[in-house]
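Asks: First the structure, which I've put down as structure tokens, then a few questions once you've had a look.
A short reminder: the numbers here are calculations on the coordinates, not readings from a lab. Keep in mind the model is a prediction, meaning the values are calculated, not measured. Cβ: placed from backbone, ideal geometry, glycine included. Neighbour counts: every protein chain shown.
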Amino acid sequence: MKKGFTLIETIVVIAVIGITLPILFAIILTLMRQQLKINRLSEIKREGDYISSALENTIRDRVFSIHSGLPVNDSTKICEGALSFSNPSTSLYFLDKNRNWFGYQFSGNTLASESADLVNTSISLNSSKIFVSNFSISCSRNTVYSAQSIQFSFDVCYDTGLPDCASTRPEEITSLHYQSRIKLRNY
């Protein structure tokens, strides 16, 4: 008796491998695409949460008065009286209780923090891999006795190398929207 495979057994094994291999590769490719999307979404969520909490905490803890521009003085002060609102813009400046100004500036795809302590420089709040878009910040006050509030919103997305985070591959498109309203502490 000969030991070995017959021609029919060999053809059947090759056919089974030929059928299962493409299915296996399709499953592996799908898993890799999903992992890429999860990693990108995790990264934009981490940076979006950081930007949102940095804005909220700094504004809530430090703001004494709100200004529409530089230099920060009484002529640029806004949201002081009852029923006062500012139009959404890409920057507002604030004065803290120590009379130091700080603010946030949106330019291109970057949101940066500026302050009197940083002479002619700003600190970017997002990395180069993450784009910030549609940033707006405004203030409002309902009555003279109510606290002022700051509203901000922005979108974050992963830089795909194309404008506006666009891509031809759906697993590369990840974007989140953030918005918040902060009631200021009365000093």
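Asks: Counting other C-beta atoms within 10 Å, which of ASP49, ASP117, ASP155 has the fewest, and how do the rest follow?
Replies: If I rank by nearby Cβ atoms, fewest first, I get ASP117, ASP49, ASP155.
Asks: Right, another one. Under a cut-off of 26 Å between alpha-carbon atoms, report the lysines in cross-link reach of LYS37, not counting same-chain residues fewer than 8 places apart.
Replies: LYS45, LYS129
Asks: Shifting gears a bit: Using +1 at the Cβ of each Lys and Arg and -1 at the Cβ of each Asp and Glu in the chain, identify which of ASN126, LEU7, PRO170 lies farthest towards the dipole's positive end.
Replies: LEU7
Asks: Taking the Cα centre of the range 7-183 as origin and charging only Cβ (+1 Lys, Arg; -1 Asp, Glu), how large is the dipole, in debye to the nearest 20?
Replies: 400 debye
Asks: Given q = 0.10, 0.18, 0.19 Å⁻¹, what are the Debye log10 I(q)/I(0) values for the chain, with equal point scatterers placed on the Cα positions and solvent ignored?
Replies: -0.53, -1.14, -1.22
Asks: Here's another thing I want to ask about it. What aspartates and glutamates does LYS77 reach when the alpha-carbon gap must be under 16 Å and sequence neighbours fewer than 8 apart in one chain are set aside?
Replies: Partners within reach: ASP96.
Asks: Using DSSP to call loops (not H, G, I, E or B), can you name the chymotrypsin sites (Phe, Trp or Tyr not before Pro) in the range 138-177 whose Cβ has at most 13 other Cβ atoms within 10 angstrom?
Replies: Sites meeting the loop and neighbour criteria: TYR145.
Asks: Taking a cut-off of 20 Å between Cα atoms, list the aspartates and glutamates near LYS97, but don't count ones fewer than 8 places away on the same chain.
Replies: Straight-line reach from LYS97, under 20 Å: GLU56, ASP61, ASP74, GLU80, GLU114, ASP117.
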